[in-house]
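J.: Pasting a structure here, questions to come.
Any read-out appearing in this document is the output of simple, stated calculations on the displayed coordinates, not a laboratory observation. Nothing here was measured: the structure is a model prediction, and the numbers come from that model. Quick reminder, even Gly has a Cβ in these numbers, built from the backbone with ideal geometry, and neighbours come from all protein chains shown.
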Amino acid sequence: MKKDDTVLTMTTASVGGLILQNAIPTIITMMVTAIYNTADTFFVSQLGTSASGAVGIIFSLMALIQSFGFTIGMGSGSITTRALGAQDLRKADRYCSSAIFLAFSLGVLFSIFGTLFKSSIVVALGATPTILPYAMDYAKYIIFASPFMISSFVMNNQLRFQGKASFSMIGMVSGGILNMILDPIFIFALRLGISGAAIATMLSQFTSFCILLSMFIRKKSMANLSIKCVARDLKTYLNIITTGLPSFFRQGMASVSGIFLNVNAAKYGALLTGFAMTSAETADAAVAGMAICNRTFMLLLSVAIGMGQGFQPVCGMNLGAKKYDRVKDSYSFLVKITTVIMSVFAVIVFIYAPKIAQSFRDDYAVISVASLGMRFQSSVLPFHSVIFATNMLLQVAGVKKGAVFLSSLRQGVVFIPLIFILPHLVKFFGAEPMLGVQMTQSVSDLISASVALPFVISFFRKLGAEKK
């Protein structure tokens with residue numbers, strides 16, 4: 001399909017069909033990515049509770065690395081898709097090429113500094129003394145893979161925003177499947193332990209990088225990748241970063257909140273009663289349990305995120321073409337279908353939470369912590385339709401301040417105070433403080449959904465006024 005044909009389709013065909021057409025490959029990509037992350041947790045959990053906790057610790061580091069990729073990818077992709085909708089192909093080429101160049105450069109810097117300060121970083125992420133050795137072994141390979149990881153996320157988002165979600169899916173899914181195949185081979189067959197899981201992840205990220213790069217080299221994208229198109233002015237890069245800041249806050253805050261979650265889970269997990277375990281063992285069980293809980297919901301939320309990402313190129317190109325009724329229709333469709341899907345997931349997880357937790361780690365303390373956390377989070381799962389849809393709408397529309405604020409709520413502005421307040425609050429009412437840790441994310445999600453509503457109402461009112 002020619003470039004003009006793609007834009008024409010995006011601005012004339014049924015918005016529901018377009019969103020699903022773009023969302024399905026994106027959801028597959030997100031699901032496979034989440035599954036191979038979950039597979040790491042599953043296979044590493046067989047090595048012991050401390051090893052399982054290490055995955056939760058390094059997940060915060062991976063979220064931080066990925067936040068750079070999402071920031072550059074979502075920022076440049078949002079600008080690129082609007083430029084394509086307005087038929088400004090030169091601008092689209094410039095932002096696409098500049099973003100990929102910036103991503104790889106930042107990845108190299110992250111790899112250098114991460115290697116130099118690896119020990120301090122892992123301790124800061126919340127590793128307990130028993131988890132630390134495992135976390136160090138895992139971290140060194142993840143840090144080395146930073147340039148490929150960040151660049152892959154940028155190229156994935158660029159292809160997706162250009163309406164080429166099937167091509168981005170090929171690159172990301174291939175790496176994910178390879179990771180799942182290599183995990184048991186490296187961990188158990190080659191007896192590399194937790195280092196084997198990290199090596200498998202590193203190789204899968206490099207594979208995805210090569211496949212995605214080949215899409216641009218073979219001209220499968222709407223925007224061209226060329227060294228000649230890389231911007232020499234600071235303004236272009238600042239525009240990419242500021243437009244992508246919501247993604248940085250969303251992913252970066254996930255990393256920060258993960259650190260606070262690990263620290264508080266270890267702190268209050270050590271105070272858990274009712275288990276024939278030492279305080280150090282219950283602390284590790286609490287960290288491992290919350291890691292399993294978060295990985296499970298990362299898998300489920302990948303569907304909501306995938307639906308939102310399927311909506312973004314439709315929204316962006318119609319905004320660029322000034323077809324505002326289609327923007328509103330696409331948002332409405334997204335919220336309705338995501339609410340239905342998340343409601344189904346909520347019921348299933350609430351009922352089967354203990355069995356889901358047990359499939360990762362057959363440890364009574366770990367199962368108890370994880371299953372209660374899952375039930376709290378499943379109770380507010382349908383509200384994520386409004387959270388993600390509104391955030392992605394504002395970001396693709398270039399409403400920078402609103403998008404940044406909303407993206408910082410769920411795992412930042414609201415979550416961080418709650419993770420410290422709720423343990424003391426539930427203790428005041430006679431419950432164990434760990435309960436406050438387990439319910440923090442669900443309370444934060446409920447508040448975030450409530451705050452998102454005024455933003456979307458205001459956005460469409462302004463859009464309606466501009467149409468007149």
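J.: Give me the net charge of residue 313's neighbourhood, meaning all other residues with Cβ under 12 Å from the Cβ of residue 313; Lys, Arg count +1, Asp, Glu -1.
T.: +3
J.: For segment 291-388, what is one quarter of the convex hull surface built on the Cα atoms, given in nm²? If you can, show how the numbers build up before the last one.
T.: Details: hull surface 24.6 nm².
Its average projected convex-hull area is 6.2 nm².
J.: Report the calculated FRET efficiency for residue 280 and residue 364 (r = Cβ-Cβ distance, R0 = 25 Å), to the nearest 0.05.
T.: Details: r = 17 Å, r/R0 = 0.66.
So the FRET efficiency works out to roughly 0.90.
J.: Same structure again: For segment 1-135, what log10 I(q)/I(0) values come out of the Debye formula at q = 0.12, 0.15, 0.17, 0.19 1/Å, with one point per alpha carbon and no solvent?
T.: Rounded to two decimals, the profile gives -0.70, -0.92, -1.03, -1.15.
J.: Under a plain spin-label model, where a point goes 7 Å from the Cα along Cα-to-Cβ, how far apart in nm are residue 232 and residue 324?
T.: Distance between label points: 4.0 nm.
J.: Something else: Just the number, please: Stokes-Einstein D of segment 417-468 in µm²/s, Kirkwood Rh from C-alpha pairs, 25 °C, 0.890 mPa s.
T.: Working: Rh = 13.1 Å.
Calculated translational D: 187 µm²/s.
J.: Taking 56 Å as R0, compute the FRET efficiency from the Cβ-Cβ separation of residue 87 and residue 450 and round it to 0.05. Write out the running numbers ahead of the final one.
T.: Working: r = 39 Å, r/R0 = 0.70.
The computed FRET efficiency comes out at 0.90.
J.: Using R₀ = 41 Å, calculate the FRET efficiency as 1/(1 + (r/R₀)^6) where r is the Cβ-Cβ separation of residue 112 and residue 181; round to 0.05. Provide the component values of the computation, followed by the final result.
T.: Values: r = 30 Å, r/R0 = 0.74.
Given R0 = 41 Å and the Cβ-Cβ separation, E is 0.85.
J.: If you don't mind, another one. From a point 7 Å beyond the Cα of residue 461 in the direction of its Cβ, which residues of segment 318-352 have a backbone N at a distance under 19 Å?
T.: Zone members listed by number: 325, 328-329, 332.
J.: Taking Cα atoms of segment 379-458, Rg/Rh with Kirkwood Rh, to two decimals?
T.: Numbers: Rg = 14.3 Å, Rh = 13.3 Å.
So for segment 379-458, dividing Rg by the Kirkwood Rh gives 1.08.
J.: Students often get this wrong, so check it: of 140/267; 235/401; 91/462; 228/401; 219/323; 322/462, which have C-alpha atoms separated by over 21 Å? Intermediate results must be reported in sequence, preceding the final value.
T.: Values: 140/267 26 Å; 235/401 18 Å; 91/462 26 Å; 228/401 32 Å; 219/323 28 Å; 322/462 13 Å.
Among 140/267; 235/401; 91/462; 228/401; 219/323; 322/462, the Cα-Cα distance tops 21 Å for 140/267; 91/462; 228/401; 219/323.
J.: Right, here's the next one. Please report Rg (one decimal) and Dmax (integer) in Å for the Cα set of segment 44-123.
T.: Computed over the Cα atoms of segment 44-123, radius of gyration and Dmax are 17.9, 55 Å.
J.: Can you tell me which of 350-356, 131-137, 119-125, 161-167 comes out highest on packing, and rank the rest after it, using the mean Cβ neighbours within 10 Å? Provide the component values of the computation, followed by the final result.
T.: Details: 350-356: 15.4, 131-137: 21.7, 119-125: 17.0, 161-167: 23.9.
Those peptides, ordered most packed to least, come out 161-167, 131-137, 119-125, 350-356.
J.: Less than 11 Å Cβ to Cβ from residue 380, Lys/Arg counted +1 and Asp/Glu -1: what total charge do the surrounding residues give?
T.: Details: positive: 375, 410; negative: 445.
Result for the neighbourhood of residue 380: +1.
J.: In addition: Contour minus end-to-end for residue 427 and residue 332, with contour as 0.36 nm per residue of separation and end-to-end as the Cα-Cα distance?
T.: Numbers: separation 95, 0.36 × 95 = 34.20 nm, distance 4.14 nm.
Between residue 427 and residue 332, full extension yields an extra 30.1 nm.
J.: Something else: With only Lys, Arg, Asp and Glu charged, each at its Cβ (+1 for the first two, -1 for the last two), find how big the charge dipole of the chain is about the Cα centre; round to the nearest 20 debye. Please list the in-between numbers first.
T.: Working: 36 positive and 17 negative charges, 369 e Å.
Once rounded to the nearest 20, the dipole reads 1760 debye.
J.: Another question, if that's okay. Summing Lys, Arg as +1 and Asp, Glu as -1, what charge do residues with Cβ under 14 Å from the Cβ of residue 304 carry, residue 304 excluded? List each step's numbers first, then the result.
T.: Values: positive: 250, 336, 410; negative: 445.
That sum, taken over residues with Cβ under 14 Å, equals +2.
J.: Given q = 0.06, 0.08 Å⁻¹, what are the Debye log10 I(q)/I(0) values for the chain, with equal point scatterers placed on the Cα positions and solvent ignored?
T.: Taken in order of the listed q values, log10 I(q)/I(0) reads -0.25, -0.44.
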